[in-house]
Amino acid sequence: MANHKSALKRIRSNESKRLRNKYQHKTTRNAVRDLRAVEDKKEAEGKLGSVISMLDKLAKNNIIHKNKAANLKSKLTKHVAAL
């Protein structure tokens, strides 16, 4: 158990950050999955911008690696262009 007040605070803040990161990551994964399932090009183009924005935010906050975000954005853009 932590012996210092700051260590107790760090435990609390780490837990809240972990839950927030988990929520944001799962939400983005669901958005990517939904985008891949879309068959209509207009609808896919509309969703692509928001999904790319979500991926950029995750990469900026080190929730996912920047190269993973770049790979996902590239593949999704190719997928939407091929529709």
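FYI, it's all coordinate maths here, none of it is from the lab. The structure presented is a predicted model; accordingly, all values stated were derived computationally and were not measured. Don't worry about glycine lacking a Cβ; one is built from the backbone with ideal geometry, like all the others, and counts go over all protein chains shown.
Scanning segment 1-55 for residues that are assigned to a helix (DSSP H, G or I) and in contact (Cβ under 8 Å) with a residue 40 or more places away in the chain, we see that the one that is farthest from the chain's Cα centre (by Cα) is K41.
The rows are residues; the columns are (1) of a type in the set (V, I, T); (2) farther than 30 Å from M1 by Cβ.
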{"site": "R12", "(1), (2)": "no, no"}
{"site": "L19", "(1), (2)": "no, no"}
{"site": "T27", "(1), (2)": "yes, yes"}
{"site": "A37", "(1), (2)": "no, yes"}
{"site": "G46", "(1), (2)": "no, yes"}
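Restricting attention to segment 1-24, the residues that are surrounded by 10 or more Cβ atoms within 10 Å (Cβ to Cβ), of a type in the set (A, V, I, L, M) and farther than 28 Å from M54 by Cβ total 4.
If you go through segment 1-53 and keep only what is under 22 Å from K68 (Cβ atoms), among the hydrophobic types (A, V, I, L, M, F, W, C) and touching a helix residue (DSSP H, G or I) at 6+ places or on another chain (Cβ under 7 Å), you end up with A31, V32, L35, V38, A44, L48, V51, I52. Within segment 73-81, is even one residue crowded, with 17+ Cβ neighbours inside 10 Å, among the hydrophobic types (A, V, I, L, M, F, W, C) and within 13 Å of the chain's Cα centre (by Cα)? No, the conditions are met nowhere in segment 73-81.
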